Structure formats: structure tokens, C-alpha cells
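One structure is given below, encoded as C-alpha cells.
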Amino acid sequence: MEFTTTALNVLIMLAYSVPGFIFVKLKMIDQSHIASFAKVLLYVCSPALSIYSFNCVDYTNELLINLGLFLLLSFVLQIIVLTLMWLVLKKKGDKDPGYRVCSVACVLSNAGFFGVPLLQSLLPDNPEAVAYSAVYIVGMNIISWTAGSMFITGDKKYMSVKKIILNPPVLALCFSLPLFLLEIKLTPVIDNAVSVLGKMSTPLCMLILGMRLATVRVGELAKDKHAYLSSAVKLLVFPIISYLLVYFLPLDYGFRASFYILCSCPTASVVLNLSEVLGAGQKSAANAVLISTLLCVITIPLLMLLA
């Protein structure tokens, strides 16, 4: 994959964060309102993006099997790495909540808001790639709304069947998957509305990121060891493991490339959004997302050369 094409797409996405940064710095938006923007992203745009992703592809038996395999591989990989990071950081996390956030930030990828535009730009001949992102997001959000929320808050109440089922991405899947299996397409009017909301995800995600960046002191950001640790694992170790996992499997190029691209994305904004909504670990989560997103301008183009 061409280095300059990848780098340009990443830079364009980062540019969306500039207005958010300016608005907060000029006090046109109060930082206390960031959580409200995060709720719109989590509960409106994210589900719309999932529905839009499935509506973009046509059903085939082969695609259904690949979607199931994609969900399984991505889910298992995230669980294994998350468990390992939790075991490594558990003792420190009992005293320092930054390490609790770090263990989650090492694994969860910004596969929807950052990954979907990348997939569409880098794999234009593989429309099924967007559907792969949808199932990846479902697995990731099941983890984030359960184990991820538990690690961020330290509260075990989030490990429940209710949290696995009643979260926006899974509910969106319950709506979009039957339509996909029955080969029912949304009407043009509804499709346009869902498409607009879904495509708002990336700009809104980056706007929130810019807003949060405006509230962080550069000195604190540069000294945050948790954020650099999570970024190193998320941007280098995790994608390389994913690359090795699918490289030797008898899978088509679109599947392997999609898996690798989604795993190469920076720390998921859902880590920050959940911390905003849950009211725990906001600074550590913000730093992890900010640093990994800034560094991905270098790491993603370099990693894509392997593909």
C-alpha cells in the first residue's frame, strides 16, 4: 500500500480535530460539554455507522462465513492481549488508575471512526471491508462495555449479560444483520439519513479529540508514561501480532488486509468516551487516545508497507 496515500488520509482525519481544539481554546465550547458530544457519538453516530456498513454490501454465503471468522479472530485476539496486559499491569493498576486505563488502551482500536475511512481509501476494490469493520466494532464494543468498563472504573458490575447485549453496537447489529441476511436494502431516503449520521462519526470523533487536546497541558501529555506504554503496544505490538495471525491462514487479501488495517488503528475513542460517560480516568484516557492518534501518522503508513 502506498506510503503517501496512507499518510495523507491519516493527516486529513487528524485535521478534523482542529476546529474542536480552537473552539475550546477560545471558550466557544465549555470543556464540561465534551461528554455530551461523546454521548451523541456513542449512541447515535456509532450505531448508524454499523447499519450503513452492512447496507453497503450484498449477502453471499462466503461473506457470511468470513464475517463470522473475522468476528471470532478479532474478538479472541483482543481478549488474549487485554488479559495479558491486565495481568502485567494489575498490581500497579490497584494503586494507579492510569494503568487500568492503559491496559484497555493497549487493545481497543479506533476501528470505526478511524478505520472505516482508511478501509474505503486503501481498499476501494473490496467493499466487504466496511462490513468487516462492523463486526470488528461489535466484538470490540462488547469488550469495552464489559471488561473495558470494569478496568476503567474498577467496578465488577459491568461484567454482566445485560452489558453484553444492551450496548449501541450490538443493538445496531440486531437491526442490520437480519436485513443483511434477508438481502433487504434500506430505502434511498432512509439509507441517505443513516449514511449521513454514520459518516459524521469520523469528524465528530476527531472534534471531540481536539476538544480534549485543548484541555490538556503539553507538559503533562509529554510526561504521561501510561500513554506512551499503551501507544507502543497499540500501534506496534498489537498490529504485528495481528499480521502474523492472519498471514499464514488461507484467507483472501481483502480479509487479511482489513484485519491488519483495523488492528493498526490508534487507541479507540470509545476509551475516552466511556471514561467521560463513566466519570473515571478521563485524563489518562484522553492522553492515551491523543498520543496514539498523533503517533499513528508515522506508524500506520510504515505498517501498511508490510501489506
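Of the residues making up the stretch 50-79, those that are hydroxyl-bearing (Ser, Thr, Tyr) and either in contact (Cβ under 8 Å) with a residue 12 or more places away in the chain or touching a Leu at 6+ places or on another chain (Cβ under 9 Å) (or both) are Ser50, Tyr52, Ser53, Tyr59, Ser74.
When the stretch 178-233 is filtered for residues that are of a type in the set (D, E, K, R) and within 23 Å of Ile152 (Cα to Cα), the ones remaining, listed by number, are Arg212, Arg217, Glu220, Lys223, Asp224, Lys225.
For the stretch 138-167, a residue qualifies if it is closer than 18 Å to Tyr52 by Cα and modelled with pLDDT under 85, and the qualifying residues are Val138, Asn141, Asn167.
Filtered by the rule that a residue be surrounded by fewer than 22 Cβ atoms within 10 Å (Cβ to Cβ), touching a helix residue (DSSP H, G or I) at 6+ places or on another chain (Cβ under 7 Å), in a helix (DSSP H, G or I) and of a type in the set (A, V, I, L, M, F, W, C), the stretch 180-195 gives a lone residue, Val194.
Can you pull out every residue in the stretch 185-222 that is among the hydroxyl-bearing types (Ser, Thr, Tyr) and in contact (Cβ under 8 Å) with a residue 24 or more places away in the chain? Correct list: Ser195, Ser201, Thr202, Thr215. A Cβ distance below 6 Å, combined with a sequence gap of six or more or placement on separate chains, defines the contacts here; from the stretch 123-152, residues that are in contact (Cβ under 8 Å) with a residue 24 or more places away in the chain and aromatic (Phe, Trp, Tyr) reach residues that are surrounded by 22 or more Cβ atoms within 10 Å (Cβ to Cβ) and part of a helix (DSSP H, G or I) in the pairs Tyr132/Phe70; Tyr132/Ser258; Tyr136/Ser74; Tyr136/Leu262; Phe151/Arg100; Phe151/Ser103; Phe151/Val104. Of all residues in the stretch 216-251, those satisfying the criterion of being of a type in the set (D, E, K, R) and farther than 26 Å from Pro169 by Cα are Arg217, Glu220, Lys223, Asp224, Lys225. Quickly run through the stretch 197-242 and pick out the residues that are modelled with pLDDT under 90 and of a type in the set (Lys, Arg). Once the filter is applied, which keeps residues that are modelled with pLDDT under 90 and of a type in the set (Lys, Arg), the stretch 197-242 yields Lys199, Arg212, Arg217, Lys223, Lys225. Take the residues in the stretch 176-196 that are among the charged types (D, E, K, R) and more than 28 Å from Tyr16 (Cα to Cα); name whichever of them is modelled with the lowest pLDDT. Checked the stretch 176-196; the qualifying residue modelled with the lowest pLDDT is Glu183. Restrict the check to the stretch 18-26 and report whether at least one residue is buried (at least 18 other Cβ atoms within 10 Å of the Cβ), touching a Ser or Thr at 6+ places or on another chain (Cβ under 8 Å), modelled with pLDDT under 80 and within 21 Å of Ser275 (Cα to Cα). No. Of the helices (runs of 4 or more DSSP H) contained entirely in the stretch 3-48, those carrying at least 2 residues that are over 23 Å from Gly115 (Cα atoms) and in contact (Cβ under 8 Å) with a residue 40 or more places away in the chain fall at 17-25.
Here Phe70, Phe54 are screened, and the one residue that is in a helix (DSSP H, G or I), under 19 Å from Ala134 (Cβ atoms) and more than 16 Å from the chain's Cα centre (by Cα) is Phe54. Quick check: anything in the stretch 73-85 within 20 Å of the chain's Cα centre (by Cα), closer than 22 Å to Thr215 by Cα and at pLDDT below 90? No.
The values are calculated or read from the model by the stated rules, or taken from the named source; none is laboratory data. Keep in mind that what you see is a predicted model, and the values were worked out from it rather than measured. Neighbour counts run over all protein chains shown; Cβ positions are idealised from the backbone, glycine included.
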